Amino acid sequence: MSIPQELYPSQDDLPYEEELLRNPFSLKLWWRYLVARTDSPHTKRFTIYERALKALPGSYKLWYAFLRERLELVRPLPITHREYQKLNNTFERALVTMHKMPRIWIMYLLTLTEQKLVTKTRRTFDRALCSLPVTQHDRVWDPYLVFVSQRGVPIETSLRVYRRYLKYDPSHIEDFIEFLVNSGLWQEAAERLAGVLNDDKFYSIKGKTKHKLWLELCDLLVQHADVVSGLNVDAIIRGGIKKFTDEVGRLWTALADYYIRRELTEKARDVFEEGMTTVVTVRDFSVIFDAYAQFEETVLLVKMEEVSEDELDEGEGNGEEDEDDDDDEDDRLHVAKIERKLKRFWLSDDKEVELRMARVEYLLDRRPELANSVLLRQNPHNVEQWHRRVKLFEGNPTKQILTYTEAVRTVDPMKAVGKPHTLWVAFAKLYEDHKDVVNARVIFDKAVQVNYKTVDNLASVWCEWAEMELRHKNFKGALELMRRATAEPSVEVKRRVAADGNEPVQIKLHKSLRLWAFYVDLEESLGTLESTRAVYERILDLRIATPQIIINYAMLLEEHKYFEDAFKVYERGVKIFKYPHVKDIWVTYLSKFVKRYGKSKLERARELFEHAVEVTPAESVKPLYLQYAKLEEDYGLAKRAMKVYDQSTKAVPPHEKLSMYEIYIARAAEIFGVPRTREIYEQAIESGLPDKDVKTMCMKYAELEKSLGEIDRARGVFIYASQFADPRSDPDIWNKWNDFEVNHGNEDTFREMLRIKRSVSASYSQTHFILPEYLMQKDKQPNLDEAMDALKKAGVPEDEMAALEKQLLPDAGKTATKDSNRKVVGFVSAGVESQTEGGLKVAANHEDIELPEESDSEDDERVEIAQKDVPSAVFGGLVRKREEGDNNDGNGDDSAATKDTDDGARLGALERIKRQRRGAMV
């Protein structure tokens, strides 16, 4: 066989060949030779590889590189190409020396897997496992399992491989189970899964819980019930129902589905019924009920289809008989129909469809009862659910009686949710509705012996029993029941109960207010006055009376003309109770006393009112004061009535002072005349009302003075009220003052109003620009001290000019009037306030503001618009004084003084302070 020319060494190969001749066992020389011939044809490179491997058969590096190049060569070729055979031979030669190298084995195994050589690949995997140490088997098993999971590999082969793998690593049994499920081997899959669940040491490498694995087993057993055998499916699922309570509904449905697939329909119905009567959650019940209803509907549809097919077959059979058709095909059809009929002959009943339909309807009708049973299994002490259960059986007294009997036996009053006594009452009412009063009394007699959780429950039973006796005209019996119920237990009974340590509610029943209230109503309706009074007195002795019982007792005595006894009851009531409970007693007592005696016992009535207002808190005293004042107006002296009103204005809380003063003023005006109300207005303004109420009172006071023609007094009130109103946020006072000056003032008074308005606005601007929001709220204006403190806390430095003036005028604070605490920051009085120095009155304003001749302000524009010719009579002597001042030449002392004053007024604050210092130094 001739060697191709290209395989011979070329001129460029001679240096490498010469070195290899000298040292043929040098891996470095062979590798350098291969690297230099990277671009040579693969046949030549393979020849070099073969020569190198002949010299160095144990070189892993050469074998690995040689095999990789061969793999790259065959990769684009089809698996039937002969190069694959050469590649396999090369691998086999390599494994003679490289059988301990797992990478060579894996390359070979993957190549064989791609070639679809099942037998050769399986044997090669086995050889690899035999050759490699066990610590490296995991590198072989992964591709081995991938190989046996491919299509075309026999199932038996795959099973044997997986079983061998589980001996090597049992923790991967989940992969085997998944393989069995995918392969349709349900029997072994179920057995393996059951074995996993029985192994307490098993740990899932896929993160599955035993709960999930158990559900998978249940699904497997149910869905393939006709294939899987050897396992007790019923016991397995029932064990899961007891263990996994969150999947109870699903598991009961699965168990029933298992029997359905096994064609055991009656057994499936039993399972559905058992499940519905044992689950304790509505969700599980809904799952089971829906599955049960669907099963019954499916069975019904199947039966209806069978009946329709039979009818069709009978019609066709009759036609065939008429035609006398003897074909073989018709005979076969006839035989098939006969076999089908014989197969189900024992179910071939004409009423079968109706029976199944009735079964479906019965199931649907039972749903409310079954759902109620589920709720009662959740909590058998739920009273409301027992009532609903009784209502479900409406129209069936026997069933209702049995339900009530079961309810009163089951419900524990100490654990009951709701009112357990209502079960006994409804039970007795059921007998009463059916005209069986004797048994109703028996039920009530048993009900009052039950140890309820609260006394009120037992009292309700006694009251219901008495009401039943009243409905049947047994009045004596009702009164006797109330006497029995309210009777105090004997000392011996109390001692016995104390020894037992468990005190029933029957011992406390005689102090039940509900029972006594019902008893006293019965006595008022059916008994005598003496018996009723005895019951009321007993209630008072037990100290369980309420204000309403006191009032009822007193009214009862009044109806029978025992007025003094009624007033004694009221006296006892006001001594027993405190506010706010005693309020109604006082109001009723006082009104009844005044109505009864009027003027005849005026001093006693006054003492009662004085005592009432003394013990009454400020929040509730207003009605009593009004009632007291009305008493004085009607039967006493007007002067004393005014005194009562005056006391009430000081006693009521601040938010009611305004309304009280309004009533006071209205009554004073009606009794003594309007001028008398001036003192009250002044008192109200100075009494410490909130600022918003002071403004309201000032406006009413100003309207009063204006109506009386006292213009100057009204103006003074407006000046005083102006300090409480910010012109920007509260323009009402300023608008009213403006209208007042337009109608009743002159130019000077109007300018004075504008000056005060600017001064107040400036003071509010200086005070509010950095104050907290709670101090800037309307009708909550801060005073000077609060404002300055707030500014200091905010970090604002004190005004240097204000500090300087405070040092130079240390006594300024001593000359303030009694209302100076109401001044807002920066307020300048318009000559209203004055201070006395040596008997002379000096204007309190030390900083007169010089008004310009023309002002662009909005107020001056209003003045120009409002200007018109005013009769001289309006100004009076002011015109003459102004004309005399204009004609004065300035030589007189008064003129000089006036000039100095005007010059001083034109000076700024700093210049005036300097002049005062120079005067002090002189």
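The values are calculated or read from the model by the stated rules, or taken from the named source; none is laboratory data. All values reported here derive from a predicted model rather than from experimental measurement. Cβ: placed from backbone, ideal geometry, glycine included. Neighbour counts: every protein chain shown. We work out accessible area using only protein heavy atoms, side chains counted, and drop any ligands, DNA or RNA first. Shrake-Rupley method; radii C 1.70, N 1.55, O 1.52, S 1.80 Å.
Observations, loosely collected:
- Out of Ser204, Ser171, sole residue that is touching a residue at least 24 places away in the same chain (Cβ under 8 Å), open to solvent by less than 60 Å² (accessible area, probe 1.4 Å), hydroxyl-bearing (Ser, Thr, Tyr) and not in a helix (DSSP H, G or I): Ser204
- Listed here are the helices (runs of 4 or more DSSP H) enclosed by the stretch 95-166 that have at least 2 residues being among the small types (Gly, Ala, Ser) and open to solvent by less than 70 Å² (accessible area, probe 1.4 Å): 118-131.
- The stretch 251-269, residues that are closer than 18 Å to His211 by Cα and either surrounded by fewer than 19 Cβ atoms within 10 Å (Cβ to Cβ) or of a type in the set (Phe, Trp, Tyr) (or both): Trp252
- Within the stretch 569-588, no residue satisfies the criterion of being outside any helix (DSSP H, G or I) and within 19 Å of Arg533 (Cβ to Cβ).
- Tabulated pairs, the stretch 664-675, first closer than 19 Å to Ala651 by Cα, second among the hydroxyl-bearing types (Ser, Thr, Tyr) and part of a helix (DSSP H, G or I), C-beta under 8 angstrom, 6+ apart or interchain: Tyr664/Tyr645; Tyr664/Ser648; Tyr664/Thr649; Ile665/Thr677; Ile665/Tyr681; Arg667/Tyr645; Ala668/Tyr645; Ala668/Thr677
- Among all positions in the stretch 232-248, there is at least one residue which is out of contact with any helix residue (DSSP H, G or I) (no Cβ under 6 Å at 6 or more places or on another chain), open to solvent by less than 70 Å² (accessible area, probe 1.4 Å) and touching a residue at least 40 places away in the same chain (Cβ under 8 Å).
- Only one of the listed residues (Arg606, Arg640) is under 25 Å from Ala668 (Cβ atoms), in contact (Cβ under 8 Å) with a residue 24 or more places away in the chain, in a helix (DSSP H, G or I) and basic (Lys, Arg). That residue is Arg606.
- Selection of the stretch 54-74 for residues being open to solvent by less than 20 Å² (accessible area, probe 1.4 Å), in a helix (DSSP H, G or I) and of a type in the set (Gly, Ala, Ser) yields only Ala65.
- Any chance Lys473 is in a loop (DSSP other than H, G, I, E, B) and open to solvent by 20 Å² or more (accessible area, probe 1.4 Å): yes
- Scanning the stretch 211-231 for residues that are in a helix (DSSP H, G or I) and open to solvent by 70 Å² or more (accessible area, probe 1.4 Å) gives Lys212, Gln223.
Residue-by-condition table, conditions (1) open to solvent by less than 60 Å² (accessible area, probe 1.4 Å); (2) out of contact with any helix residue (DSSP H, G or I) (no Cβ under 6 Å at 6 or more places or on another chain); (3) on the phi > 0 side of the Ramachandran plot; (4) not hydroxyl-bearing (Ser, Thr, Tyr):
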residue: Lys568; (1), (2), (3), (4): no, yes, no, yes
residue: Ile576; (1), (2), (3), (4): no, yes, no, yes
residue: Tyr579; (1), (2), (3), (4): yes, yes, no, no
residue: Val587; (1), (2), (3), (4): yes, yes, no, yes
residue: Val594; (1), (2), (3), (4): yes, no, no, yes
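- Per the conditions (1) charged (D, E, K, R); (2) more than 28 Å from Tyr701 (Cα to Cα); (3) within 50 Å of the chain's Cα centre (by Cα), the sole criterion not satisfied by Lys595 is (3).
- Positions within the stretch 519-565 being surrounded by fewer than 19 Cβ atoms within 10 Å (Cβ to Cβ) and outside any helix (DSSP H, G or I), in sequence order: Gly527, Thr528, Arg543, Ile544, Thr546, His560, Lys561, Tyr562
- The residue that is farthest from Arg93 (Cα to Cα), among those in the stretch 22-53 that are open to solvent by 30 Å² or more (accessible area, probe 1.4 Å), part of a helix (DSSP H, G or I) and of a type outside the set (A, V, I, L, M, F, W, C), is Arg22.
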